[in-house]
Amino acid sequence: MAINLQKGQRENINAPKFTIGLGWDTNSSSTGSAFDLDASVFILGEDKKILSDQHFIFYNNLKSPNEAVVHTGDNLTGDGDGDDEQIIVDLAKIEDTATEICIVITIHDAISRGQNFGQVRNSFMRILDTVSNEELLKYELEEDFSIETAVEFGRIYKRNCEWKFEAVGMGMKGGLEDYLTKYN
C-alpha cells in the first residue's frame, strides 16, 4: 500500500530499482494553445551541482552515464489517465559521488504560450518498485502555482547510505533555464 505524502514529508525508498511516474491534466482551453509539460532530472553531488552535463536527464538526453537514470520519453500532450512520463532509476548503477536526484516539471514555451501551473491540475508524482510494480510513495501537488512555469516535485537524496524521498512542491517562474542556472 502506497504512502501518500504531504509537502515537506520525507520517506525511505526501500527499493534499489524504482520507477518515478509523473502525471498531470491541463486546461488548454484557457490559453488556446496545447500544453507540453516536460520532466527533467538533475543528478547532483555533495555541492548541490550537476555531476556533469550527462547527469541532466531530459527529452534530449534520456539516459545518465551507466544508465542509472533513464527517461522513457517525452509525452507531448499529457492526454489520458495514469503516468504521463516515467523515469526509471537503478540505484545500484549510480555513481558514488551522486547524493541527490531532483525531479522537475516545466512547461515548454510557457511564456510565449501564456501558460503556467495554475492551469495544470491533478499533478502527481509516484514511486513504484520496478520489480513488483507496487506503488510505494505518492505525492499529489495541491498548491495553485498561478505564476510559476516550473515545479520541483521532489528530490531523492542519500543520507547515511540510505536513499530517501522528499516531497518538495516548490514552484519557479523562470522555467528550465532557472534550474540549469541553479544546479550548474
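The values are calculated or read from the model by the stated rules, or taken from the named source; none is laboratory data. Since we're looking at a predicted model, the values are computed, not measured. Neighbour counts are summed over all protein chains in view; Cβ atoms, including those assigned to glycine, are modelled from backbone coordinates with ideal geometry. Accessible surface is based on the protein model in full, side chains and every heavy atom, while ligands, DNA and RNA are left aside. Shrake-Rupley method; radii C 1.70, N 1.55, O 1.52, S 1.80 Å.
Among the GluC sites (Glu not before Pro) in the stretch 99-184, which ones are in a DSSP loop with at most 16 other Cβ atoms within 10 Å of the Cβ? Mind listing them?
Taking the stretch 99-184 and a limit of 16 other Cβ atoms within 10 Å, the loop GluC sites (Glu not before Pro) found are E134, E142, E143.
Taking only protein heavy atoms into account and a 1.4 Å probe, give the accessible area per residue of the stretch 32-184 in Å². Write out the running numbers ahead of the final one.
Working: 7130 Å² over 153 residues.
Dividing the accessible area of the stretch 32-184 by its residue count gives 47 Å².
Cα-Cα over 18 Å: which of K17/K63; K17/K93; K7/K93; K48/K158; K17/K138; K93/K158? Please list the in-between numbers first.
Values: K17/K63 15 Å; K17/K93 10 Å; K7/K93 29 Å; K48/K158 12 Å; K17/K138 16 Å; K93/K158 14 Å.
Pairs exceeding the cut-off: K7/K93.
In Å and on Cα atoms, what radius of gyration and Dmax does the stretch 111-165 show?
For the stretch 111-165, the Cα radius of gyration and maximum Cα-Cα distance read 14.9, 44 Å.
What's log10 of I(q)/I(0) for the chain at q = 0.15 Å⁻¹, Debye sum over Cα points only, no solvent?
Summing over Cα pairs of the chain leads to -0.82.
Considering the Cα positions of the stretch 64-153, please state its Rg to one decimal place and its Dmax as a whole number of Å.
Final numbers for Rg and Dmax: 14.9, 42 Å.
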